[in-house]
Amino acid sequence: MKRGNWRSSGRDRHRHHNQSQWRGRHRSAHDEREYSSDSAAGDASSSSTSSSAPELPGFYFDPEKNRYFRLLPGHNNCNPLTKEGLQKKEEEKKRSALLAEDDGPRKKAPRTGLNSASLLQKRHLGLLPPSSYSRLIHEVKVSGMQRHRLEVQSSNSTSPNTDNFHLIVADSACERVFTVNDVSHGGCKYGIMNFHGCRKGSLSVEMCDNLYFTNRKVNSVCWASVTHTDSHVLLCLVGISQTPGCVSLLPASLFSNFNPDQPGMLCSFKISTAWSCAWCLNPQADKTFSTGLSRRVIVTDAVTGRRATYLAGSDVLAQQFALRAPVLFNGCRSGEIFSIDLRQRDRGRSHGWKTSRFFQESAITSVQLLQDENYLLAADMLGKIKLWDIRVKRSVKQYEGHFNEYAYLPIHVNEPEGLLLAVGQDCYTRLWSLHDSRLLRTIPSPHPAGKDSIPNVVFSSQLGGSRGLPGLLMAVHHDLYYYSYNKDYQDSLTLEGQC
């Protein structure tokens with residue numbers, strides 16, 4: 001059919017006439033950049049509300065101004081309206097609303113009808129076993145935790161901490177927390193914070209004075225028991241320029257404010273850039289640590305320096321030793337999870353030394369053994385957290401809600417309290433019931449979300465040791481927060497001199 005002989009029907013002519021009238025009324029230099037929602041949508045959207053305005057390719061609808069704005073690809077100074085920027089704006093708006101709700105006195109119960117009074121009554125009536133009561137009471141308490149900002153005490157009070165937290169790792173008693181902070185001019189600094197619980201219900205924090213600085217990045221940290229429990233700290237340092245990577249074993253007393261003359265055993269091992277590290281507490285492999293590298297695992301005796309190398313098919317990003325036997329569990333970038341029994345001699349390419357082997361769909365960021373040691377929790381870069389039965393090599397439980405796309409994020413297991421914690425790439429801290437995988441609470445970050453502002457957390461029922469307090473410790477940017485079980489919590493400055 002020739003274009004010149006084409007004729008429209010009466011309905012099409014009427015529609016064309018209406019569109020011409022619309023263009024005649026509304027076309028101007030300004031209207032080429034902005035369109036009102038009711039006009040741009042036409043008759044088809046006249047019954048739609050502003051919140052359900054139709055999507056127009058190349059335009060963004062602002063519900064507050066009730067009009068469309070033109071979008072340009074990428075970001076430039078002339079037109080800051082990009083999909084990424086608008087998405088970030090919406091996420092920040094959601095975070096602020098959730099933060100205001102989270103700061104409120106009343107919070108949603110994790111389970112319908114679950115509260116402290118009903119649990120106590122069931123316990124007195126013998127309807128609830130002690131183990132179930134303890135687990136459920138922790139669920140109630142974490143759902144009602146209140147946020148408080150902690151002031152870190154230091155003898156050098158004239159120079160407060162302005163460097164962002166990169167890592168925080170607590171010792172087994174949760175009395176000390178090893179911290180790594182990014183330094184603005186490059187590199188990082190590291191030291192130890194000491195926590196003390198006061199008899200009046202306050203938590204105090206003291207930072208060691210003798211911080212150490214390095215121009216290298218810290219990839220991984222774990223506590224090490226060389227002379228006694230948690231006597232040392234193991235650091236994996238990334239090599240730069242002509243300086244190769246290394247693994248340092250530092251005595252914790254090195255960071256003491258008392259500055260002892262002999263801090264203890266201090267070693268540095270020439271190991272190229274390590275992604276992960278773990279310390280073995282089993283007596284059969286005493287004073288042994290492992291490092292996960294690119295396509296291999298190195299197990300080292302910290303006293304003699306003797307090494308054993310195991311070849312892997314991918315980068316080893318996460319590691320943990322079992323306690324009952326000298327068995328090392330590894331998580332790889334390929335999604336493979338495998339274990340190494342250090343008592344076996346074969347370390348060849350046949351991979352016959354892998355005592356167990358199973359896979360997840362994406363790169364493994366964290367592995368955590370439960371006390372049973374027949375079960376292992378693993379998290380990956382698709383945001384999947386799964387509980388594996390190692391005996392049958394099958395996933396038996398999955399914890400929904402975690403968000404991750406590419407970040408190297410740990411998970412935290414608190415088995416006595418029955419809790420699993422993880423901070424997502426979206427900067428939300430989520431707590432699940434370890435027992436039935438129910439999501440108990442989602443905590444928004446006190447700071448706007450960003451790649452360099454993902455919170456680091458520590459949870460314990462005894463923060464500060466045997467006299468400590470239950471709750472969650474959160475480090476984000478250069479600030480430290482404490483989420484307290486106690487709704488009447490008062491900070492240590494208010495109770496100064498009463499500890």
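The values are calculated or read from the model by the stated rules, or taken from the named source; none is laboratory data. These numbers come from a predicted model, not from an experiment. Because the Cβ atoms are built from the backbone with ideal geometry, glycine has one as well, and the counts that use them run over all protein chains shown. Remember, those area values only see protein heavy atoms, side chains included, never the ligands or the DNA or RNA. Shrake-Rupley method; radii C 1.70, N 1.55, O 1.52, S 1.80 Å.
A few remarks follow.
- Taken together, the residues in segment 461-488 that are part of a loop (DSSP other than H, G, I, E, B), within 12 Å of G201 (Cα to Cα) and open to solvent by less than 20 Å² (accessible area, probe 1.4 Å) amount to 2.
- Enumeration of residues in segment 390-416 that are over 15 Å from the mean Cα position of the chain (by Cα) and either among the aliphatic types (A, V, I, L, M) or at positive phi (or both): I390, V392, K393, V396
- Restricting the search to strands (runs of 3 or more DSSP E) fully inside segment 257-300 and requiring at least 2 residues that are at pLDDT 95 or above, on the phi < 0 side of the Ramachandran plot and not small (G, A, S) gives 276-279, 288-293.
- Test: residue in segment 192-207 that is under 21 Å from the mean Cα position of the chain (by Cα), open to solvent by less than 50 Å² (accessible area, probe 1.4 Å) and not charged (D, E, K, R): yes
- Identity of the residue in segment 390-403, of a type in the set (K, R) and assigned to a strand (DSSP E or B), that ends up surrounded by the fewest Cβ atoms within 10 Å (Cβ to Cβ): R394
- Residue in segment 319-330 that is exposed (fewer than 14 other Cβ atoms within 10 Å of the Cβ) and either touching a helix residue (DSSP H, G or I) at 6+ places or on another chain (Cβ under 7 Å) or not in a strand (DSSP E or B) (or both) present: yes
- For segment 179-190, filtered to residues that are of a type outside the set (S, T, Y) and surrounded by 20 or more Cβ atoms within 10 Å (Cβ to Cβ), the residue that is nearest to N282 (Cα to Cα) is V180.
- Of all residues in segment 52-106, those that are in a loop (DSSP other than H, G, I, E, B), farther than 28 Å from C427 by Cα, open to solvent by 60 Å² or more (accessible area, probe 1.4 Å) and modelled with pLDDT of 75 or more total 4.
- If only residues of segment 153-178 that are under 21 Å from S202 (Cα atoms) and modelled with pLDDT under 90 are counted, the one that is surrounded by the fewest Cβ atoms within 10 Å (Cβ to Cβ) is S157.
- Counting the residues of segment 279-306 that are over 22 Å from C332 (Cα atoms) and open to solvent by less than 30 Å² (accessible area, probe 1.4 Å) gives 3.
- Residues in segment 107-119 that are in contact with a helix residue (DSSP H, G or I) (Cβ under 8 Å, 6 or more places away or on another chain) and either free of Cβ contacts under 8 Å to residues at least 24 places away in the same chain or exposed (fewer than 12 other Cβ atoms within 10 Å of the Cβ) (or both): K108, L119.
- All of (1) open to solvent by less than 80 Å² (accessible area, probe 1.4 Å); (2) within 23 Å of P416 (Cα to Cα); (3) under 23 Å from the mean Cα position of the chain (by Cα) hold for L128 with one exception: (3).
- Verdict on F269 being open to solvent by 10 Å² or more (accessible area, probe 1.4 Å) and either hydrophobic (A, V, I, L, M, F, W, C) or more than 29 Å from the chain's Cα centre (by Cα) (or both): yes
- Only a single criterion out of (1) more than 12 Å from the chain's Cα centre (by Cα); (2) open to solvent by 20 Å² or more (accessible area, probe 1.4 Å) is not satisfied by L387, namely (2).
- Of all residues in segment 120-136, those satisfying the criterion of being in contact (Cβ under 8 Å) with a residue 12 or more places away in the chain and in contact with a helix residue (DSSP H, G or I) (Cβ under 6 Å, 6 or more places away or on another chain) are Y133, L136.
- Search result, residues across segment 371-384 that are open to solvent by 20 Å² or more (accessible area, probe 1.4 Å), touching a residue at least 12 places away in the same chain (Cβ under 8 Å) and not in a strand (DSSP E or B): Q371, E373, N374, M381, L382, K384
- Of the criteria (1) touching a Phe, Trp or Tyr at 6+ places or on another chain (Cβ under 9 Å); (2) farther than 30 Å from N282 by Cα; (3) modelled with pLDDT of 95 or more, which one N404 fails: (1)
- Residue within segment 216-239 that is among the hydrophobic types (A, V, I, L, M, F, W, C), more than 19 Å from Y408 (Cβ to Cβ), touching a residue at least 24 places away in the same chain (Cβ under 8 Å) and open to solvent by 40 Å² or more (accessible area, probe 1.4 Å) present: no
- Being open to solvent by 10 Å² or more (accessible area, probe 1.4 Å) and within 25 Å of A173 (Cα to Cα) is a property that Q368 has.
- Counting only strands (runs of 3 or more DSSP E) that sit completely within segment 416-460, those holding 3 or more residues that are out of contact with any His (no Cβ under 7 Å at 6 or more places or on another chain) and in contact (Cβ under 8 Å) with a residue 24 or more places away in the chain correspond to 429-433, 439-443.
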